[in-house]
Structures are given as structure tokens and as C-alpha cells.
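S.K.: One structure coming up, written as C-alpha cells, with questions to follow.
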Amino acid sequence: MSAEIICIGTELLLGDIVNGNAQYLAKQLARLGIPHYYQTVVGDNIERIKQAIAIGTSRSQILIFTGGLGPTPDDLTCEAIASFFDTTLEERQEIIEDLHRKYSARGRVMASSNRKQALMPQGAEILYNPTGTAPGIIWQPRSGITILTFPGVTSEMHRMWEETAVPYLQNQGWGKTVIYSRMLKFWGVAESTLAEKVNPYLNLSNPTLATYAGKGEVKLRVSAKAENSELAEALINPVAQKIQNIAGLDYYGADKDTLASVIGVLLYQRGETLAVAESCTGGLVGKMLTDISGSSDYFWGSITAYDNRVKQELLGVTSQDLETLGAVSAVVAEKMSAGVRLRLGTTWGLSVTGIAGPSGESNSKPIGLVYIGLASSQGTISFENHFGASRDRTSIRYLSACTALDILRRELITTKY
């Protein structure tokens with residue numbers, strides 16, 4: 001027994017709108033322990049919607065629709081469903097009355113086109129919309145098939161799902177188990193390398209593991225099915241702990257953790273502070289840090305030193321360093337980190353200088369070359385990174401910022417001074 005999500009709207013196919021509804025519903029189905037193997041996006045075309053229904057009913061028992069419930073001619077969801085199941089549409093007077101009340105409360109008169117929203121397949125139960133004008137349906141057109149429809153407006157769909165659909169599905173015997181997941185996060189390791197390290201755990205049946213690669217980051221989802229989230233967590237915990245032990249410092253957090261939030265916890269626990277000097281990242285490291293609530297407890301500020309005069313006058317980089325080694329060099333990165341630490345009086349100084357492109361490269365210094373400096377009471381150190389000339393400017397800046405934070409994270413974990 002499984003559910004399938006069918007999202008209606010040509011705007012989704014064109015990429016004009018991000019399909020957040022499918023993501024939301026997928027997570028909600030997991031919470032109810034309802035298996036979900038397929039998602040379909042189909043444009044505003046009645047025949048193609050019917051084709052999607054035909055495929056969906058051949059492999060799933062619950063079809064959940066979003067979109068296509070409005071008053072315009074291209075809103076075709078109910079019409080397509082009724083046509084597929086060879087059922088007529090009937091106007092529901094209670095919906096007409098509800099629409100009149102809503103428009104009257106807003107000081108408006110309902111347009112005649114809104115009557116279309118009162119047309120429902122004969123025999124379908126109305127799924128009322130508390131806030132919008134587009135009601136949905138809950139319907140079992142034949143044995144073993146349940147249809148639920150929701151408007152495409154996200155806020156309306158969320159409330160209708162939580163207040164009506166969830167109780168209905170639970171009353172039908174669904175939701176007796178949950179699928180609970182924890183997302184483990186890693187930095188500085190390739191997906192293939194991590195997969196090899198944790199290979200013995202990749203074939204488990206409950207919990208299950210799956211790896212995902214992103215920009216410089218690898219994620220490993222550990223999912224368990226159980227009667228409740230507590231029992232699911234009990235299945236996940238020992239496996240997650242073994243994976244963390246195998247990964248070592250490459251593991252940095254889980255779920256909503258970010259490199260910046262993890263650093264914040266470490267600095268706060270140690271009673272230490274941080275200042276940042278940035279060149280090629282243009283303030284991105286500082287932004288990541290200040291996106292964390294309470295970061296003023298440990299992050300004292302940053303200097304965005306794009307011009308060499310700023311590097312010299314505020315950070316203590318010498319003209320000789322710049323002339324002989326260039327702004328993108330290990331020495332300059334170290335002096336930037338030491339300079340910002342001294343200027344702002346912090347425990348740690350972190351710096352980034354590099355070539356993000358698309359210009360500024362040379363034979364010896366290609367696009368993607370980035371130096372990261374780290375300063376403490378024990379001195380300074382620099383790290384050379386090559387993020388690749390084929391990457392775009394935004395990606396290089398992002399990788400540079402995250403790598404700088406990861407270097408600091410590893411240092412905070414491994415040092416005791």
C-alpha cells in the first residue's frame with residue numbers, strides 16, 4: 001500500500017515555481033509511515049492529467065493532487081478526475097454558500113467564474129478550505145483507491161492537510177507507524193570515499209542508509225520505520241554513532257546543523273571569540289556566522305578587505321608581501337588572519353583570499369586558487385585550496401567560505417589551548 005503525489009500546473013513544468021508542495025507532502029507521508037514511491041508533475045491539460053491518473057492508480061492506492069482547483073479555464077483537476085472515473089460533476093450548494101460568505105467578509109462580490117470551484121465529482125466528500133476559495137475532495141471512486149485534492153497555494157494546502165487529511169487517513173488505518181530520518185552531514189570527504197567507509201551499513205533494511213552529494217558537502221540519511229519516533233530513534237542511534245566514529249572529523253553535524261552553527265557551539269563552550277578577514281568571499285563567512293542567532297556572543301566582527309590598501313592599513317599586510325607574493329598567497333592569508341585577530345582582540349582570526357573568477361587568473365594562480373589563514377595565540381597557519389577553474393564564481397566563494405569554517409571547526413575540536 002503506497003501513496004503518490006501528483007502536482008498539477010504548467011508553471012511547475014516551466015520552472016516558474018519551485019515545487020515545495022511535493023516536498024512538504026513527502027515529509028508528511030513519512031511522518032504517517034505511508035510508503036511513497038512516485039511523484040508526478042503534469043501541466044494544465046486534461047488528457048495528460050488523465051494519463052497521470054491511469055499510471056498512478058496502477059501502482060498506488062492513495063493519489064494526492066495539488067493545484068488546478070481554481071476558477072480559471074486551465075484549472076482542470078476535478079474535471080479530469082471525474083472524467084477518468086466516468087463520473088459527472090455536480091455543483092455543491094454548500095460550497096457556493098461558503099464562497100459567498102468569504103467574499104462578503106472581504107467586502108467583495110463573488111465572480112460568476114468562482115462557481116466552477118463548487119463542481120465536484122458525484123459522491124466525493126468535500127475537503128473544506130478554511131482560508132482560501134478552492135476546496136478539495138476526499139473520495140474513494142473505487143475499491144482500493146483514495147483521492148485527495150488540495151489547492152496549489154502552500155499555506156492553504158498545509159492547513160487542509162493537517163486539519164482534515166491527516167485525521168481522515170488515520171481513521172482509515174494509515175499512520176500506525178512512522179518513518180523517521182536523521183540527516184548526517186560531512187565536509188571534506190568525497191561521497192564515494194564515505195560510501196566505501198560505511199559500506200557494511202548500506203544494505204541494512206531497518207534502518208536504511210542513503211548518501212547524497214552537494215557542493216562540497218556529503219549527506220547520509222538514516223531512516224527507520226517504527227510505531228513511533230522514539231522507537232525509530234532507538235533504531236537509528238547506534239548506527240548513526242558507528243558512522244560518526246568511522247567518519248571522524250569529516251562528520252560535523254546532523255539535521256539543521258550548519259558549519260557555522262557547530263562552530264558557534266564550540267566557541268561558546270570554550271569561551272572564545274572569532275574575527276574574520278575576507279577578500280574573495282566578500283563577507284560570506286561573516287554572513288554565515290551572523291545567520292546564527294546569538295552569534296554576537298562569540299563572533300566580534302569582520303573586515304572585507306578587497307582593496308590591497310585595506311589589507312595593508314587595517315590588517316598589517318606589507319607592500320613587499322603584495323608585490324613579491326601577491327594578494328593571493330599563503331603569507332598574505334596568514335597576515336590577514338593575524339591582523340584581524342589583533343585589531344578586534346579575539347581568540348581566533350580567520351581569513352580568506354583567492355581568485356573566484358571569472359577574471360584575475362594567471363598561469364601560476366588559476367581561478368579557484370584560495371588560501372585560508374588561521375591565527376591564534378599559538379601563531380598562524382595557512383591552507384592552500386584548489387576549487388577548480390571550471391566552477392563558477394558563486395560556487396568558488398561558497399566552497400571557500402565553508403572550507404574556512406571547516407578548518408576552524410577541526411582546529412577547535414583538536415586543540416585544547
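S.K.: Between 347, 380, 324, 353, which is over 19 Å from residue 260 (Cβ atoms), among the polar types (S, T, N, Q) and within 33 Å of the chain's Cα centre (by Cα)? I'd like the intermediate steps shown before the answer.
M.R.: On the way: 347 fails: over 19 Å from residue 260 (Cβ atoms); 380 fails: within 33 Å of the chain's Cα centre (by Cα); 324 fails: within 33 Å of the chain's Cα centre (by Cα).
Result of the check over 347, 380, 324, 353: 353.
S.K.: Counting only residues that are out of contact with any Phe, Trp or Tyr (no Cβ under 7 Å at 6 or more places or on another chain), of a type in the set (A, V, I, L, M, F, W, C) and not in a loop (DSSP other than H, G, I, E, B), which one in segment 285-314 is least open to solvent (accessible area, probe 1.4 Å)?
M.R.: The selected residue is 285.
S.K.: Working only within segment 315-326, note down all residues that are surrounded by fewer than 16 Cβ atoms within 10 Å (Cβ to Cβ) and closer than 20 Å to residue 343 by Cβ.
M.R.: Of everything in segment 315-326, those that are surrounded by fewer than 16 Cβ atoms within 10 Å (Cβ to Cβ) and closer than 20 Å to residue 343 by Cβ turn out to be 316, 318, 319.
S.K.: Go through segment 73-126 and count every residue that is part of a loop (DSSP other than H, G, I, E, B), over 36 Å from the mean Cα position of the chain (by Cα) and touching a residue at least 40 places away in the same chain (Cβ under 8 Å).
M.R.: Total satisfying the criteria: 4.
S.K.: Another question about this same structure. Which residue, of 15, 33, 9, is under 19 Å from residue 137 (Cα atoms) and either within 29 Å of the chain's Cα centre (by Cα) or open to solvent by less than 30 Å² (accessible area, probe 1.4 Å) (or both)? Give the steps one after another, and end with the answer.
M.R.: Values: 15 fails: under 19 Å from residue 137 (Cα atoms); 33 fails: under 19 Å from residue 137 (Cα atoms).
Every option except 9 fails the conditions.
S.K.: Residue check, residue 331 against (1) open to solvent by 10 Å² or more (accessible area, probe 1.4 Å); (2) part of a helix (DSSP H, G or I); (3) out of contact with any helix residue (DSSP H, G or I) (no Cβ under 6 Å at 6 or more places or on another chain), all met but one. Which one?
M.R.: Status for residue 331: all satisfied but (3).
S.K.: Next question, about the same structure. Taking into account only those residues within segment 207-235 that are touching a Lys or Arg at 6+ places or on another chain (Cβ under 6 Å) and within 19 Å of residue 29 (Cα to Cα), which is most open to solvent (accessible area, probe 1.4 Å)?
M.R.: Restricting to residues being touching a Lys or Arg at 6+ places or on another chain (Cβ under 6 Å) and within 19 Å of residue 29 (Cα to Cα), the top hit is 210.
S.K.: Given the conditions (1) assigned to a helix (DSSP H, G or I); (2) within 19 Å of the chain's Cα centre (by Cα), which single one is not true for residue 243?
M.R.: Here residue 243 clears every test but (2).
S.K.: Could you grab me the full set of residues in segment 236-265 that are open to solvent by less than 30 Å² (accessible area, probe 1.4 Å) and over 19 Å from residue 196 (Cβ atoms)?
M.R.: 236, 252, 253, 254, 259, 260, 261, 262, 263, 264
S.K.: Output the strands (runs of 3 or more DSSP E) that fall wholly within segment 129-197 and possess 2 or more residues being over 30 Å from residue 410 (Cβ atoms) and within 23 Å of the chain's Cα centre (by Cα), or say none.
M.R.: So the answer is 178-187.
The values are calculated or read from the model by the stated rules, or taken from the named source; none is laboratory data. As the structure is a computational prediction, the values presented were derived from the model and not from experiment. Backbone-built Cβ (ideal geometry, glycine too); neighbour counts: all protein chains shown. SASA here: full protein model, heavy atoms, side chains in, ligands and nucleic acids out. Shrake-Rupley method; radii C 1.70, N 1.55, O 1.52, S 1.80 Å.
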